[in-house]
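Heads up: the structure comes next, in structure tokens.
The values are calculated or read from the model by the stated rules, or taken from the named source; none is laboratory data. Here the structure is a predicted model, which is why all the values come from computation and not from measurement. Because the Cβ atoms are built from the backbone with ideal geometry, glycine has one as well, and the counts that use them run over all protein chains shown. We work out accessible area using only protein heavy atoms, side chains counted, and drop any ligands, DNA or RNA first. Shrake-Rupley method; radii C 1.70, N 1.55, O 1.52, S 1.80 Å.
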Amino acid sequence: MLKRSCVTVAALLLTGCGTTTTPVAEEAPKKADMSKQRLMESSIATCMKQAGFKYVPNVGRDEQPSSTEAGLAAGDYATMKADRAKYGFRVFSGLAYPDDPGSGALVADFGADPNWKITQALSDKQTKAYEKATDRCHAKAARKVLGKDVKDWRDQANQAAELVDKLTARELDGDAKVIALAQTMAGCLNAKGYRIPAARPSAVAGAMAATFTAEREALLAKQYGAETASSKGVTLVPDLPAEEAQVVLRREIKAALDDLECGKEFYPVFAPRKQDIERRVSEEFGGERRYTP
């Protein structure tokens, strides 16, 4: 079964993710703009009721980040090393450890969404109608609450991801200090035998993880067809036995630790500023986007 999730390494968490039949949210939102979320969910529920469907407003938890999350966002070396030694870049870790919520596995809080239970009680025909209504209502709520013209929650996630990329290019890829640190990191990685084609900070920060993402996408295409692909805000994952995923994860962990060693001066500068961009976009789009270096 093709699985779909709302978040990746640094992907946007938005309400409405749990309303489809097969997706599972990797993590529930923590600190976000709760007022916008509540208004969005209330608007969706009203719209769905008018369409003849039941929809329960589902607002993410309002919690402070854990010490690990805070350390990762700050680019703290010790925190990143411990995290990467277990999960690598979190590309194959969710497949390798499907019962571990910390791995990014599609298991964590999805069952807490009451709308998942609603869809499970519907027939295939009813589910399709429910999903279409949810998409329409989400688009209507986004226009009303956020002032955003979106087609559905997927489009909203993609728009937010694109804005993060745009702001990152403007604020980080053009900063002389960050560029110098990125060039040093890229040189270190190239000396270790890795191929880092660009010295733009955002490209260097994501280059090593991108090789494993490409490997996962290739497997996905092999299983479900070349036209299947993840988008910026929505990740599709292939079917892969945990034992096979763990083999890939071991390679991923080594690469992630090498990446960290070369970037120990880069990440403490890059990560907090990237986190700030993520936060600002989150506030604009009424959700949260979490950055994991």
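Give the calculated FRET efficiency between ASP239 and ALA176 to the nearest 0.05, with a Förster radius of 41 Å applied to their Cβ-Cβ distance. Could the numbers behind the result be given before it?
On the way: r = 45 Å, r/R0 = 1.11.
FRET efficiency, ASP239 to ALA176: 0.35.
For a Förster distance of 25 Å, can you work out the FRET efficiency between the beta-carbons of THR68 and LYS132, rounded to the nearest 0.05? Walk me through the numbers on the way to the answer.
Values: r = 39 Å, r/R0 = 1.57.
It comes out at approximately 0.05.
Going through the stretch 112-201, which trypsin sites (Lys or Arg not before Pro) have at most 11 other Cβ atoms within 10 Å and a DSSP loop state? Each step should come with its number before you reach the end.
Values: sites: LYS117, LYS125, LYS128, LYS132, ARG136, LYS140, ARG143, LYS144, LYS148, LYS151, ARG154, LYS166, ARG170, LYS177, LYS192, ARG195; in loops: LYS148, LYS151, LYS192, ARG195.
Answer in residue order: ARG195.
Based on the Cβ-Cβ distance of GLN223 and ASP100, what FRET efficiency does E = 1/(1 + (r/R0)^6) give at R0 = 22 Å, to the nearest 0.05?
Working: r = 23 Å, r/R0 = 1.04.
With a Förster radius of 22 Å, E is 0.45.
With every protein chain left in place, what is the accessible area of CYS262 in Å² (1.4 Å probe, nearest 10)?
20
For a 26 Å ceiling on Cα separation, which of these pairs sit above it: LYS125/LYS148; LYS54/LYS144; LYS166/LYS254; LYS148/LYS274? Please report the intermediate quantities before stating the final value.
Details: LYS125/LYS148 30 Å; LYS54/LYS144 20 Å; LYS166/LYS254 30 Å; LYS148/LYS274 23 Å.
In this structure, LYS125/LYS148; LYS166/LYS254 exceed 26 Å between Cα atoms.
Using a 1.4 angstrom probe on heavy atoms only, work out the carbon and sulfur share of the accessible area of the stretch 151-217 in %. Let's see the in-between values first.
Values: 1760 of 3230 Å².
About 54 percent, which is the carbon plus sulfur part of the accessible surface.
Mind listing the long-range amide H neighbours of LYS151? Cut-off is under 5 Å, sequence gap 5 or more, other chains count too, H placed in the peptide plane at 1.01 Å from N.
Residues meeting the criterion, in which the H sits 1.01 Å from N, are GLN156.
Accessible area per residue for the stretch 125-268 in Å², computed with a 1.4 Å probe and the full protein assembly in place, what is it?
50
Going through the stretch 194-258, which GluC sites (Glu not before Pro) have at most 16 other Cβ atoms within 10 Å and a DSSP loop state? Walk me through the numbers before you get to the answer.
Values: sites: GLU215, GLU217, GLU227, GLU243, GLU244, GLU252; in loops: GLU227.
Passing both the DSSP loop test and the Cβ count: GLU227.
One quarter of the convex hull surface, Cα atoms only: what value does that give for the stretch 154-265 in nm²? Don't jump to the answer; show the numbers that get you there.
On the way: hull surface 32.1 nm².
Over all viewing directions, the stretch 154-265 projects a mean Cα-hull area of 8.0 nm².
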